[in-house]
1. Given R₀ = 51 Å, what would the calculated FRET efficiency be for Asp739 paired with Asp460, taking r from the Cβ atoms and rounding to 0.05?
2. What list do you get for Ile106, Ile640, Ile433 if you sort them by fewest beta carbons within 10 Å?
3. Principal axis lengths of the range 194-325 from Cα atoms, whole Å, largest first?
4. Using 0.36 nm per residue of separation minus the Cα-Cα distance, give me the extension gain between Arg6 and Arg726 in nm, one decimal.
5. Could you put Asp737, Asp369 in order, starting from the residue whose Cβ has the fewest other Cβ atoms within 10 Å?
6. Could the peptides 454-460, 185-191 be put in order, highest first, of the mean number of other beta-carbon atoms found within 10 Å of their residues?
7. Holding the Cα-Cα limit at 21 Å, pick out from Lys270/Lys304; Lys85/Lys191; Lys458/Lys659; Lys135/Lys563; Lys135/Lys659 the pairs that are longer than that.
8. If I take R0 = 30 Å and measure r between the Cβ atoms of Glu34 and Asp590 in this structure, what FRET efficiency does the formula 1/(1 + (r/R0)^6) give, to the nearest 0.05?
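Throughout, read-outs are computed from the coordinates displayed, never taken from laboratory work. In this text the structure is predicted, and so the values were computed from the model without any measurement. FYI the Cβ positions are ideal-geometry reconstructions off the backbone, even for glycines, and counts take in every protein chain you see.
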Amino acid sequence: MEYKVRLILDGEYHKLLVSRAGSQIKIVVGRTDEMSVVGARKCVDEVKELLEEKCSLCLLKRMHYLISVKNQLGEKRDILRFSLKSLEIAIRILYPDEYRQWKDEIEEKGEKGDDRQYEKKRITILNTGCTSSGKTIFDLKCILDDAASKNFIPALTSIKESTNFMIRYHINDPEFRPEEGMDFRICVKLKTGQVLKKNIEMQILEAVVEMYEDIAEMTKDDNAGMEEIREHSRGIAVERLKSNRAKTFVIGYIVDMEGKGKNIENILIKGIQEVYGQSTSYSKVGYEEAYGGIITDIRSKHLKLSNDDISELVFREDDRPSEYMEIYNYIERELDRVAVMFEEEHGRHIGMGDNLQIEGKSREPGTKDLVDHVFGNKRRQMNKDFFSIEPLVERAELYFVSDKMKDCGCVVLIDGLGINQGQLPSGNEKEVIYNRVHVSVQDANPDIILYHTLLNGKDDHMLDIVRMLSDEGFRRKTYVVFGRLDTVADDYFEQDGIGLDEVTSEEFGIFMKHIEEQYAERDVLSLRGIIGEHYFLCDKMGTFDKKMDIPEAKGYDSNSVIKEIIRQNAGDISSQAANSDMEQFFMIMDKHFVFGSTYIKYMSELDRMVPMEYGKMRWNTLEKALDELYASRWGFDCLIPSMTLRRCLAGIMNREDIKKQMQDTFADRYDSILRDFLQEWTETAQTIMVIEHKAFFHRLLLMRYISSMRTTYGVSMTTDRKINLRNLYERCFGSKDMDGMETLRLMAQIAWKSKRSLNTEAGME
C-alpha cells in the first residue's frame, strides 16, 4: 500500500496530511511565521521521496545523525540533501513503533548512529586474497576439530565460486547461548522476492545476449551451416542459464536447463522479427524462414544488434515475450520446489526475505546434509537428487562454540570473497581488485587483516594490496599467510622417496631452509620493507601434526598460526584520536592543500569510474552496479563512488611530506588515527554519494522497462545512464554555497566527529 502525502494549512501550522489504507494522520511541518510555503513544500517533497523508496530505519537514522553532527560543528551550509525535519517525519511514518524509542534515546543520551561499541570486546580478523588461496580452509581449521571439519569443509570451501557474499564466523561469542548440547548456529538472510526476480531476469537476458554473440561469431566462418550454428548457440545459451557470468547465481545443478536453448532462440528470433523486421524479408514469414534470413543478415553484417537492442527485445515497456515468461516461471517453480524440499528435510520454513536460524551439533553426521543443503556442495551437485537453497541466500553468519579457540576470547573471522573472482574487465583489473579489498575492509572494520597466498603459486596482487593496506594505517595489523606448506613438503620429500612420517629433525631443517630460499624469499624481502616480520608459513590442513613426530614440525597448522597472531596483538588497543588532535590534524591537511588536491584527483578519476566507451563498462556490469547502488550498497566493478573518493584521499595523504609531518605530530598513534578517519570518511561519502540518491538510481534502473524514463534520446540506454551518472558525480560536491574543496573539508570534519557507524544493510541486523 502506498502513502499519499500532501501539504495543508491548519491554523498557524503547515502540516503534512498522510493517508494510507483509509486512515489519515496529520504531522506538523512548521509554524507559518517560522517557515515559508516554499520551505514547507520542499520538506513535503523530501518526505515523499523517502516514503516512495521505503528507506530502511538504519539508513534514515544514519542520514539524520550526520546532519546533526554537521549542525554541532556550527556549520549552516548544507552538503546533505534531506533536512532533519523530513527525515524525522519519514521515520515517524515508516517506523512508528521504533520512532518513540529513538526520540527518547536522543533526548536522554544525545543522538547516536549505529555505534558498534561491542566490537571492542571482540577481535575481528579479515581474511583476504585471491580465489583458492585457502581462506576458508584456514578459518574452518582454526575453529573445528577433524570430526566437525568433515561436516563443514565440503560445502563451505566451494562457496566462493557460487555466491557473492562474505561469511562471518563468530567464535565463542558470549551472546551466543545455544540450546543444551548444541554448539553451532547458522544464520542466513534469504533474498527478497524482488532480488530473486532480478537474478532470474538477468540470467535469461545474459543467455539471449550470448546466443546472439555466438551466432555473430560463428557466421564469420563461411563454412558453418545453419544447423551447426543453431546447435552451438543453443548450447551456449543453456550453459549461461546454468550460471551467470560473475558466478554469483548458479542454478544449473538445481534446475534442469536441457532443451531451454530453444526457448532462448525463440525469444531472440521472434523479438528480431517483431522489433527489427518490419522492413525486411523475414518480417512476415514463418519461423524457420525468418531464422535463415536473420542468419544471412548477421553474416552479411546487415543486422547488427547492441546489447541494449537485445534488452529491448526482452523487456518491452515492462512486457515480456511468452517464451521469456515460460523460462522465468519454470526457474521460479524449480527454486520454490527446492525451498519446499528444504522445509520438509529440516523443518524450517523458507520465506523470501526471511532470516533463517538453525542450531545443531557440529560433529553429528546429519549436520553435513544441513550444511550442504544451505551452502551447496560441488561434489554432490553431480547427483540429480541433490538440492541446496544456496541461490536463495543473500548473506550468512555462523556461530561456534570452539574448544580449539577457548583461550582466545571472542573472535570474529571474516571469510572475504576472492579479490580476483570472476571475469575482470580488461585494463581495469587492478582498480576492481583495489575496490574489492576496500569494500571488504569497510564492511569488516577489522582489527587484523590476513592476506592469504600460496607458496607454490604466482600472486601478482599481493605486494600491491599489502602496500595499499599499509598506507591506509594497517601496517602493523596486516599479516601474510603462505599456504600449501604441506603440499610443497610432500613433493619435496617424495623426490627422495621419504614419507612425511619418516622425516627427521635434520631433514626438516634442510627443507625449511629450502622453502625460505626457493619460495618465500622471493616475496619476503619486499614484504619486510612494508610489514616487517608479519608473515607465516602455514600447513592449513594440519598434515604435519598428523604425520610428523618431530617437535620442529609443530606450530604450522591454522590454529597455531591464528593463536600466535592474536597473541602478538593481545592488549594492543588502538589509540583513539582525541578532540584536541583535530586542530593539528586539519592544520596539516590545510597546509598541504589535501582537500583541494583530493577533489582534483577525484574529478580526474570520473573517466575510470564511469567510462563513456562502451567496451570499458558493458550493460550488464552497469546494471549490476546500479542494482547495488539502489540497495544502498557500495557499487560494483569500477563504479564504487565512495571507494574511489577514499582512494583519492588516501593517495594524497600518503605523499611523503604529508605522511612525515603526520607521523612527527602523532607518532605511533598515526596509524590508528588514519584507519579510523578513512573508515568514517568513507561512511560519510557513502551517504552523500549513494544513500541520498536512492530515487535517482531507481529511475536509471527503470529505463530498462519504461522508455519515458529516458533523459537523453538518440543514444543507447547504457550511454544515457552513464551521462546521468556523470552529471551526478560531477555536481555531487559542488553547490552554490561551497566548492568541491570546501565540501570535502566539511565531510572530513563530520567524519572526525562521527562515531563508528557501519551500514548494517551490508551485514546481519
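1. Details: r = 40 Å, r/R0 = 0.78.
The formula returns an efficiency of 0.80 here.
2. Details: Ile106 16, Ile640 29, Ile433 21.
Lowest count first: Ile106, Ile433, Ile640.
3. 40, 34, 23
4. Working: separation 720, 0.36 × 720 = 259.20 nm, distance 3.28 nm.
Full extension from Arg6 to Arg726 adds 255.9 nm.
5. Numbers: Asp737 11, Asp369 16.
By the 10 Å Cβ count, ascending: Asp737, Asp369.
6. Numbers: 454-460: 14.9, 185-191: 20.1.
Descending mean neighbour count gives 185-191, 454-460.
7. Working: Lys270/Lys304 16 Å; Lys85/Lys191 33 Å; Lys458/Lys659 32 Å; Lys135/Lys563 16 Å; Lys135/Lys659 32 Å.
Long pairs (Cα-Cα over 21 Å): Lys85/Lys191; Lys458/Lys659; Lys135/Lys659.
8. On the way: r = 37 Å, r/R0 = 1.22.
It comes out at approximately 0.25.
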